[in-house]
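**Q** My questions all concern the structure below.
The values are calculated or read from the model by the stated rules, or taken from the named source; none is laboratory data. Note that this is a predicted model, so its numbers are computed, not measured. Counting neighbours? That spans all protein chains shown, and the Cβs are built from the backbone with ideal geometry, glycine included.
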Amino acid sequence: MIAGRPSFTLVVAAVVFICVVITFLSSGSVRSQLRTTSSPTRLAYSAQKHGKSDVFNATLGFEKVIVIGLPERSDKRDALTLMSALTGFKLSWIDGVIGKTVSDKALPLGWDRETMQDNNLGSWRGHVNAMRRIVEDGISSALIMEDDMDWDVHVKAQLEQFSAAARTLQKDFHRNQSLESPSPYGQDWDMLWLGSCVTTFDEHLPAHLKVVEEQRDPRKVLIFDDPTVPLPPHILANGSFSWEEYPPRTRIVYVPGDNVCSFAYALSASGAQKALHHMGLEGQYKPFDNHLSDLCRMRVDGMRCVSVVPSLFVHHRPKGKISADSDINKAGQNEEMREVGFTENIVYSTRLNLGNLVRGLEPEKQWAE
């Protein structure tokens, strides 16, 4: 069950969230501004009128929203189709790949079938197919997500806040191969990593993941007083820091050091080319998300990435058989049942609020706070 029913309606919740965004963008107070941790300068932006930014369009400010999923997982397609319709955007599906169907001749350089799971191979091929689709079709930008995602019912307002922070970080990015089509997220990004499960900041990288000093970029932008950020003990995804270091309800936008899990990420046209080159042609010998992290951390081919924690898209664990959770990490013959579904770090879970949303009722918090 979802606990902690708020006293305001969905409409009122949206209005309150808009007020927070406007205060956040225009106020002179420390608690309501974007702040870069590498400089004492406080950054303020002119608030865009709610709903006018391209972030609020039917593809979240990208040209496409692509979902990778095995055709036989019709349950996941049913859920995401309903979720996206109720939160105001549309999906384009691309079939996932069964690893054992990948020919030995087409294996990525360095892949060892003896030590690596076929499921990891299938995941790699499905994501690379999505990258190739962007390049083949000349798509200006696309959000790529896996088929077991969940997001907050206020995802468009979240993305509007993220877009302002992402534009701030791009001020120090090099400008080659900028986006030709205007993007609400800025013109100089290659990848926006919007869904991961573990975050390690650049300055906290372990020795084996260090990059050359001139490539380090510890900059961050803090979004304060975000009502869709969970409070302790429900806020997770910190691989190298404590949330006690930040005020409650802070979301952090940063240049990624090392991320785990490829839940959701966006690629620009130039980003898809760089990703296809590195991920498709230069060899793979470990899980896809580890190589995706290398792509950003090592600035491969000049890759320019921005990420966010807590993530905006997170893997949902539904009620029912635990063995059905993932098509990559198999649970064997485990027939244990989960009585209540949940999603880490998502306060107003779209998946858990489907019953309310289809009836036109207000969304409920996942946890009592």
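**Q** If you take the residues of the stretch 190-221 that are touching a residue at least 24 places away in the same chain (Cβ under 8 Å) and among the acidic types (D, E), which of them is nearest to V153 (Cα to Cα)?
**A** Going residue by residue through the stretch 190-221, those that are touching a residue at least 24 places away in the same chain (Cβ under 8 Å) are 190-205, 209, 211, 215, 217-221.
Imposing the further condition that a residue be among the acidic types (D, E) reduces the set to 190, 202-203, 217.
Working: D190: 26, D202: 30, E203: 33, D217: 32 Å.
Checked the stretch 190-221; the qualifying residue nearest to V153 (Cα to Cα) is D190.
**Q** Test L194 against the criterion of being of a type outside the set (K, R), assigned to a helix (DSSP H, G or I) and under 20 Å from I252 (Cα atoms), and give yes or no.
**A** no
**Q** Counting only residues that are in contact with a strand residue (DSSP E or B) (Cβ under 6 Å, 6 or more places away or on another chain), in a loop (DSSP other than H, G, I, E, B) and touching a residue at least 40 places away in the same chain (Cβ under 8 Å), which one in the stretch 246-303 is farthest from L222 (Cα to Cα)?
**A** The selected residue is F263.
**Q** Just name the residue that is nearest to D294 (Cα to Cα) out of those in the stretch 187-227 that are surrounded by 22 or more Cβ atoms within 10 Å (Cβ to Cβ) and of a type in the set (V, I, T).
**A** Restricting to residues being surrounded by 22 or more Cβ atoms within 10 Å (Cβ to Cβ) and of a type in the set (V, I, T), the top hit is T199.
**Q** Sticking with this structure for a sec: Checking the structure you have, find out if any residue of the stretch 222-239 is outside any helix (DSSP H, G or I), touching a residue at least 60 places away in the same chain (Cβ under 8 Å) and over 22 Å from D152 (Cβ atoms).
**A** At the first step, the residues of the stretch 222-239 found to be outside any helix (DSSP H, G or I) are 222-239.
Okay, now just the ones that are also touching a residue at least 60 places away in the same chain (Cβ under 8 Å), so 222-231, 234-238.
Then keep just the ones that are over 22 Å from D152 (Cβ atoms); that gives none.
No, the stretch 222-239 contains no residue that is outside any helix (DSSP H, G or I), touching a residue at least 60 places away in the same chain (Cβ under 8 Å) and over 22 Å from D152 (Cβ atoms).
**Q** Let me ask something else. Conditions first: (1) closer than 23 Å to F162 by Cα; (2) at pLDDT below 95; (3) crowded, with 23+ Cβ neighbours inside 10 Å. V253 passes all but one, so which condition is the exception?
**A** In the conditions (1) closer than 23 Å to F162 by Cα; (2) at pLDDT below 95; (3) crowded, with 23+ Cβ neighbours inside 10 Å, V253 misses (2) alone.
**Q** Could you tell me which numbered condition W124 fails, if it satisfies all but one of (1) in a loop (DSSP other than H, G, I, E, B); (2) at pLDDT 95 or above?
**A** W124 satisfies all of (1) in a loop (DSSP other than H, G, I, E, B); (2) at pLDDT 95 or above except (1).
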